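Visitor: Below you'll find the structure I mean.
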Amino acid sequence: MLHSNLSISNTGHLMIGGADVVELAVKYGTPLYIIDEDRVRENCRTYLKALRTHLPHGSKVLYASKALCYAGIFKVMKEESVCIDIVSAGELYTALRAGFPAENMFFHGNSKPDIEIEYAINAGVGHFVVDSAEELEKIDMHAGRMRKIQKVLLRVTPNIDTHTHKKIATGTIDCKFGTPIETGQAEQFVKTILAKKNVRLDGLHCHVGSQIFDEMPYCQAAEVMTDFIADLYKKTGWMPEYLNLGGGFGVRYTEEDPAIDYAGWIERLGEKLKTLCAERGIPVPALLLEPGRSIVGDAGITVYSVTGVKEIPGHASYVAVDGGMTDNPRYALYEAKYTMLLANKPKKPKNYLCTVAGRCCESGDLLGENISIQKPVKGDLLTVLTTGAYNYSMASNYNRVPRPAMVAVKEGKDFLAVRRESFEDLIALDTL
Ligand code: LLP
């Protein structure tokens, strides 16, 4: 199986985290997101342990909550001593309602509305990751009004090309995120922040991209960032407490994707950082990492019911399911590849080549093309693996399709994490 939390039961059903996927589909209906909470916790612990072992005290894991955001996930993060990266007042609100401490939140985003900045400062958000001069002005002003000193990091662009999908690459100079180092703008920005009365600059941030399978960009980023830090120290006397190298560690969607040893990456990154700092004569900053996908990706699967099969001689065979781009827009957006199988007959040969079609009135609503699954018939449970990240969090109500329920599995027991949207939910905001 693609991930070690998946197996096949004696009765020939797909299992995740010790729970029978067919039974869950019967109990909760389809489409259904299933999240293996034990796996999420295990992934958090892998990161934490590696950071604690190989990096200075104060190094932290910030779960990028954009990958999967619902109240329950923040309880898990709190219990696992993981901080969070949030990008909107909506994520902030969800986390607060789940009892997550505001102090351990890092507020990201290239376009934070004033009203959200005020809300976050009032709520006591630990750090802002500042991304524009206008945002800085607003933070300084509002923090002053509240008689607070707001802690911030500055997001910069190290100009590193990660060769990942263009829509998820973020480290290059020509990008909507961050302030470029190369142009001298980042240095100027640091000086501006240091001159502010109500803001304290605690560190620097960069994020090179997402779904990255190569350690190199992180080492390159560490090099550029430590150069920048050493230069800044000479010019301003300022030394950051934190260096945040972002998230982006890849996960396996198919057998072709390599399995990443995250702990090994962090160990080598730690060594690299220590060497770079020694060469530049600067102290090793506490390292912050912001994994999203690699915390929740392999913990999730989505189960659909097959609604029909259409075979066109000489052309593709279409397997239609009761969900699609509304619960997983990633094929439509990025042609993202997935592994799929039938949860009620996973042992049968996967020799049926097909296009998996969603239910929306849109030809582009596909979950994949050239997908091999067991021969399907109506009612089979088509299951897409590795959907824990950027599926539920990117879901929509296009065609007024209600969002699926999400069930969590913990120590083999299941419980509802997010209930299925009802028709009432769909019209709840409409005036009649
Ligand atoms: N930190 C920052 C500043 C980010 O922008 C992101 C992701 C992360 C951390 C977490 O990256 P991860 O570890 O999850 O790769 N919707 C796309 C992915 C967009 C990523 C956005 N930023 C997808 O479905 O592939």
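The values are calculated or read from the model by the stated rules, or taken from the named source; none is laboratory data. What you see is a predicted model, and the numbers here were worked out from it, not measured in a lab. Positions of Cβ are backbone-derived with ideal geometry, glycine not excepted, and every protein chain shown enters the neighbour counts.
A quick yes/no check of all residues on (1) farther than 14 Å from residue 323 by Cα; (2) free of Cβ contacts under 8 Å to residues at least 24 places away in the same chain; (3) touching a strand residue (DSSP E or B) at 6+ places or on another chain (Cβ under 9 Å); (4) surrounded by 18 or more Cβ atoms within 10 Å (Cβ to Cβ):
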residue: 342; (1), (2), (3), (4): yes, no, yes, yes
residue: 354; (1), (2), (3), (4): yes, no, yes, yes
residue: 361; (1), (2), (3), (4): no, no, no, no
residue: 374; (1), (2), (3), (4): yes, no, yes, yes
residue: 387; (1), (2), (3), (4): no, no, yes, yes
residue: 402; (1), (2), (3), (4): no, no, no, no
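Visitor: When you scan the range 22-58, how many residues do you find that are over 30 Å from residue 397 (Cβ atoms), within 16 Å of the ligand (Cβ to nearest atom) and among the polar types (S, T, N, Q)?
Guide: 1
Visitor: Failed condition for residue 77, given (1) assigned to a helix (DSSP H, G or I); (2) over 17 Å from residue 299 (Cβ atoms); (3) among the hydrophobic types (A, V, I, L, M, F, W, C); (4) not assigned by TED's automatic domain parsing to the domain that holds residue 385, with all others met?
Guide: (2)
Visitor: Right, next: Using the structure shown, decide if residue 393 is touching an Asp or Glu at 6+ places or on another chain (Cβ under 7 Å) and surrounded by fewer than 20 Cβ atoms within 10 Å (Cβ to Cβ). Break it down into steps so the answer makes sense when it comes.
Guide: On the way: touching an Asp or Glu at 6+ places or on another chain (Cβ under 7 Å): no; surrounded by fewer than 20 Cβ atoms within 10 Å (Cβ to Cβ): yes.
Answer is no for this residue.
Visitor: Let me ask something else. Of the conditions (1) crowded, with 23+ Cβ neighbours inside 10 Å; (2) in contact with a helix residue (DSSP H, G or I) (Cβ under 6 Å, 6 or more places away or on another chain); (3) not polar (S, T, N, Q), residue 54 fails just one. Which one is it?
Guide: Going through (1) crowded, with 23+ Cβ neighbours inside 10 Å; (2) in contact with a helix residue (DSSP H, G or I) (Cβ under 6 Å, 6 or more places away or on another chain); (3) not polar (S, T, N, Q) one by one, residue 54 breaks only (1).
Visitor: Residues being more than 16 Å from the ligand (Cβ to nearest atom) and touching a Ser or Thr at 6+ places or on another chain (Cβ under 6 Å): count how many of those fall in the range 278-300. First the steps, then the outcome.
Guide: Of the range 278-300, the ones more than 16 Å from the ligand (Cβ to nearest atom) are 278-286.
Right, trim to touching a Ser or Thr at 6+ places or on another chain (Cβ under 6 Å) and you get 280, 286.
Residues meeting the conditions: 2.
Visitor: Same structure, new question: Pick out, from the range 264-337, the strands (runs of 3 or more DSSP E) lying fully within it that include 1 or more residues that are over 27 Å from the mean Cα position of the chain (by Cα) and modelled with pLDDT of 95 or more. Show your work before the answer.
Guide: On the way: elements: 286-289, 300-311, 317-321.
The strands (runs of 3 or more DSSP E) meeting that bar are 300-311, 317-321.
Visitor: So, one more: Yes or no: residue 190 touching a residue at least 60 places away in the same chain (Cβ under 8 Å), out of contact with any His (no Cβ under 8 Å at 6 or more places or on another chain) and within 20 Å of residue 107 (Cβ to Cβ)?
Guide: The answer is no for residue 190.
Visitor: Right, another one. When you check residue 1 against the structure, is it modelled with pLDDT under 95, farther than 20 Å from residue 95 by Cα and not charged (D, E, K, R), yes or no? So that I can check it myself, show each step before the final result.
Guide: Details: modelled with pLDDT under 95: yes; farther than 20 Å from residue 95 by Cα: yes; not charged (D, E, K, R): yes.
Yes: the conditions hold for residue 1.
Visitor: Can you tell me which residue among 65, 81 is of a type in the set (S, T, N, Q), over 26 Å from residue 113 (Cα atoms) and modelled with pLDDT of 95 or more?
Guide: On the way: 65 fails: over 26 Å from residue 113 (Cα atoms).
Going through 65, 81 in turn, the sole match is 81.
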